[in-house]
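Structure first, then comments.
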Amino acid sequence: MAFQKLGVCYYPEHWDEALWREDARRMRGLGISIVRIGEFAWSRLEPADGRYDFDWLARAIDVLHGAGLEVVLGTPTATPPKWLADKMPDMLPIDAQGRPRKFGSRRHYCFSHEGYARECDRIVSALAETFGAHPGVVAWQTDNEYGCHDTVESYSPAALRAFRDWCAAKYGTIGALNAAWGNVFWSMELASFDEIELPNLTVTEANPAHRLDFQRFSSDQVVAFNRRQADIIRRFSPGRTILHNFMGSFTAFDHYRLGAELDAAAWDSYPLGFLERGRHDDAFKLRYMRVGDPDYQAFHHDLYRNCGRGRWWVMEQQPGPVNWAPWNPAAAKGAVRMWTYEAFAAGAEVVSYFRWRQAPFAQEQMHAGLLRPDSQPAPGFGEVEQVAREIERLRLSGGADRADVALVFDYESAWAWGIEPQGQDFSYDELVYAFYCAVRRAGLSVDVVPPMAEAVANRRLVLAPGLFAASEDFVAALKTADIVLLGPRTGSKTFDFQIPAQLPPGPLRALVDLKVTRVESLRPGASIRAHGLPGAFERWREWVEPGPNAGVEAVAADGEPALLRQGGRYYLAGWPDEALLDALTSRICGEAELPNLALGPDLRIRDCGPLRYLFNYASKPRDISQLIEGAELRLGGSELEACGVAIYERPT
């Protein structure tokens, strides 16, 4: 059984070597057991073309290993050095406005540049051959935060050549491409694959099918780039865990497909930074300014757990103020501890903090670490120490059971509705997240899953809002679930980004017999009340024509169907506000024989194996005696303090 561990991100190249041994001793004393190093160090590993200097890295790994620490070694390909950018200047990505993304920060490479990919093969091979069998190296991280700073899509000559080849492989003939893209419209028909251009700098919007295929291609390039590194590492360092650190609210490539090339997924969790960057109103941000959105971290834990097929880490956990949000508040007392336990509750194997010591120089000098720049403990240090002592006593193990509830999240749907939102505030991410939050407020654990048959088959409850297209095998698998809730916009396109011939919801009509005949987007402040359920539609609504097999469960204020049902399958014909979504969640949970604990805005639950975790995101204590009645607490008490955590054997 693998017990959960704490880690930290460390940059030995930033510090005098005389500090390394003391740093390692303090890490071990704090309760740290995993250390990530090396992911930004290419200029120190290869200071000139072909001249390697791995000696310092070998000494650092030996020091850490000698202190009883395990090492995650990062490949340095997110930060190609200046000599390499000068050697092949066309490796730089080109943005949608045709401008090069220049050297001077990070992620300055194009995923389609074969010359750069070969340079990455070379440095990764050299590192893996040198350190792959080192007993201290237990895992590898490929690159760092693929796509950060809007770098998935590149409009370079290399990307154009690769995209033409990708299209030829997908369609076979230019006629098939013309038909799929609908190029007869506006005389966009092409005579050969060599005539394909990239979908930028057009007079008005580019063809949506063209844009969607370019997004698919760009995602495939990231997956292929990562695969090359993973293959090399497996060859020279067998048996080690290979990970990549994903980000929050980032959908520019398909994380499920990339995760299939990894042994485990990881992500970088910054609750306060993500809250400040999010679309919540100011009142919400003020309320949760020091603890973060109660559902945001959990959503990504549940998503990336499935990207890693059950194995996942937090590679970077926020320990204090960051430097990259519009405002950068400090965390509430206890928040770092609560965030750590929330990851463990969702089955994380490792929670690793960013970073060990705050850097006094360069772009991230205002980003807090566990230590201040003068090596004295920062506020998060004590909370990590507390967690380390607690988990040593609790002996918590990783992994999470298959949840009764599955929420479908699809990267292609995020791309499609980003291309064609039809309303300025229509966001697929926000729509899916609203459904997630409603189920969390009900006190249920959730698996966030891809639109694949095996992910939804035989679930108690499946939620699939906004899924732009559906395959036949996915539809068949949905029929095996007890209760299914679809809509809005679900099944409204084909995979070629066209309206289905028989109208939406396309093949999903096999679940709920209806046609969507008209849609509208609602400007901010507009809403359409629902009769039969509290609340209203906002942002989006649909006119629905029921077939003979579907019944109308609720209507809108204008008499049009709002909620339709066929057996245990529901279709919601609009974007629900919170009141409508909570009422609908309560109803369908009852039908699925799932409990609705109605936790409210601040209290959250996560089940992990035999244990139930409770978290208090409020600024005041909460009495949880009714929730834990008859249970033997392993952590916490009947009054849950602000940022408090309770753990107990869950009821059967």
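The values are calculated or read from the model by the stated rules, or taken from the named source; none is laboratory data. Small disclaimer: the values here were computed from a predicted structure and weren't measured. Note: ideal-geometry Cβ built from the backbone for every residue, glycine included; neighbour counts use all protein chains shown.
Here the condition is being in the same structural domain as Gly506 (by TED's automatic domain parsing), closer than 22 Å to Val432 by Cβ and of a type outside the set (Asp, Glu); of Gly559, Gly551, Gly568, it holds for Gly568 alone. Please determine whether any residue of the stretch 38-50 is under 22 Å from Gln229 (Cβ atoms), free of Cβ contacts under 8 Å to residues at least 12 places away in the same chain and outside any helix (DSSP H, G or I). Scanning the stretch 38-50, I find at least one residue that is under 22 Å from Gln229 (Cβ atoms), free of Cβ contacts under 8 Å to residues at least 12 places away in the same chain and outside any helix (DSSP H, G or I), so the answer is yes.
Looking only at residues in the stretch 613-633 that are modelled with pLDDT of 95 or more and not in a loop (DSSP other than H, G, I, E, B), the one that is nearest to Gln4 (Cα to Cα) is Tyr613. Out of the stretch 301-345, which residues are crowded, with 24+ Cβ neighbours inside 10 Å and in contact with a Cys (Cβ under 8 Å, 6 or more places away or on another chain)? Answer for the stretch 301-345, where residues must be crowded, with 24+ Cβ neighbours inside 10 Å and in contact with a Cys (Cβ under 8 Å, 6 or more places away or on another chain): Met315, Glu316, Ala335, Met338, Phe344, Ala345.
Taken over the stretch 511-549, the criterion of being assigned to a loop (DSSP other than H, G, I, E, B) and not aliphatic (A, V, I, L, M) is satisfied by Asp513, Arg523, Pro524, Gly525, Ser527, Gly532, Pro534, Gly535, Gly547, Pro548, Asn549. Which condition breaks for Ile647 when tested against (1) part of a loop (DSSP other than H, G, I, E, B); (2) touching a helix residue (DSSP H, G or I) at 6+ places or on another chain (Cβ under 8 Å); (3) aliphatic (A, V, I, L, M)? All conditions are met except number (1). The number of residues in the stretch 416-432 that are part of a helix (DSSP H, G or I), over 16 Å from Lys493 (Cβ atoms) and not acidic (Asp, Glu) comes to 1.
Taken over the stretch 466-484, the residue count meeting the criterion of being crowded, with 24+ Cβ neighbours inside 10 Å, over 12 Å from Ala510 (Cβ atoms) and in contact (Cβ under 8 Å) with a residue 60 or more places away in the chain is 0.
Note on the stretch 34-66: among residues that are in contact with a strand residue (DSSP E or B) (Cβ under 8 Å, 6 or more places away or on another chain) and surrounded by fewer than 19 Cβ atoms within 10 Å (Cβ to Cβ), the one that is nearest to Phe354 (Cα to Cα) is Phe40.
Do the conditions hold for Asp473, that is, is it within 30 Å of His210 (Cα to Cα), touching a Pro at 6+ places or on another chain (Cβ under 9 Å) and modelled with pLDDT of 95 or more? Judged against the criteria, Asp473 is not a match. The residues in the stretch 450-465 that are crowded, with 21+ Cβ neighbours inside 10 Å, over 19 Å from the mean Cα position of the chain (by Cα) and either part of a loop (DSSP other than H, G, I, E, B) or not aliphatic (A, V, I, L, M) (or both) can be counted, and the count is 1.
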